[in-house]
Amino acid sequence: MKRAPSTLAALCMALAAPAMEAAEPAAPEGFRALFNGKDLAGWHGLNPHDGAKLEGEAKAANRRQQRADFPKHWRVERGELVNVGTGPYATTDAEYGNIELRLEYKTVPKADSGVYLRGTPQVQIWDWNQVFNEKNPTRRPHLGSGGLFNNTPGTPGRDPLVRADKPFGEWNGFRVRQVGALTWVWLNDKLVVDGAAMENYWDRKQALAAKGPIMLQTHGGEIRWRNLFVREMGEAEAQTLKRSATPRP
């Protein structure tokens, strides 16, 4: 005859169950999950600014070290991808071209983050409570998150159309469409970038790369990510969206 587990043992098993049985996030129709809610599978560490001028074996060694450092700075907690503001950026193993991206994030005061598209910075995430500094007029966090911060100041999309950030402690939701060089961003269901051209930060004389990884930037404070989903677009849909874009000067 088997003995029933003690009350304490049963309680411990119950508490451990959610961590062991975390389900993969349910993707919207047509999307697939980038993050499985359980581990770091499908991701590696890369800060492309770190060692950008290195070449050959020195560059390769730098990249290997960043991959090794990745799990030291990133963790999975309650189905969330968490970083305290240190280490290389979370980078998808896969590369993407024309996509629709959906994700949620929650951050803290004084943190600074963003989402790189095709390995290029970035859809910006600000602490929007920062006071505007007239001595640094092109840095305008008080306008809110979602703008293409690494575009040339004064160009369309550089700053968001409206401030749509939620208070700290609440989850924010991004919906991003990247079609060719054109970027649309909705933050908490409000349009903040309307078909603006994302510049090639790495070489502004060149077109944006046709494909590249999605990267979650982090520095300055804790940020949490969840419900990361992507949908790759067919050529017909991409061309329709390009034609619908508002002409820009």
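The values are calculated or read from the model by the stated rules, or taken from the named source; none is laboratory data. None of these values were measured; they are calculated from a predicted model. In this analysis, Cβ positions are derived from the backbone assuming ideal geometry, glycine residues included, and neighbour counts consider all displayed protein chains.
If I go through the range 44-59 residue by residue, how many of them are surrounded by 12 or more Cβ atoms within 10 Å (Cβ to Cβ) and among the hydrophobic types (A, V, I, L, M, F, W, C)? Summing the residues that are surrounded by 12 or more Cβ atoms within 10 Å (Cβ to Cβ) and among the hydrophobic types (A, V, I, L, M, F, W, C) in the range 44-59 gives 2.
The residue list PHE70, PHE149 contains one member that is more than 23 Å from ALA41 (Cα to Cα) and surrounded by 17 or more Cβ atoms within 10 Å (Cβ to Cβ), which is PHE149.
Find the residue count for the range 40-49, including only residues that are in contact (Cβ under 8 Å) with a residue 12 or more places away in the chain and closer than 14 Å to TRP202 by Cβ.
3
Go through the range 198-231 and give me each residue that's surrounded by fewer than 15 Cβ atoms within 10 Å (Cβ to Cβ) and touching a Phe, Trp or Tyr at 6+ places or on another chain (Cβ under 9 Å). Within the range 198-231, LYS211 is the sole residue that qualifies. Within the range 103-125, restricting attention to residues that are among the charged types (D, E, K, R) and crowded, with 19+ Cβ neighbours inside 10 Å, the residue that is modelled with the highest pLDDT is ARG118. Counting the residues of the range 232-249 that are acidic (Asp, Glu) and either surrounded by fewer than 12 Cβ atoms within 10 Å (Cβ to Cβ) or more than 17 Å from the chain's Cα centre (by Cα) (or both) gives 2.
Between GLY37, GLY30, which is surrounded by 15 or more Cβ atoms within 10 Å (Cβ to Cβ), touching a residue at least 12 places away in the same chain (Cβ under 8 Å) and in a loop (DSSP other than H, G, I, E, B)? Give the steps one after another, and end with the answer.
Details: GLY30 fails: surrounded by 15 or more Cβ atoms within 10 Å (Cβ to Cβ).
Only one candidate qualifies: GLY37.
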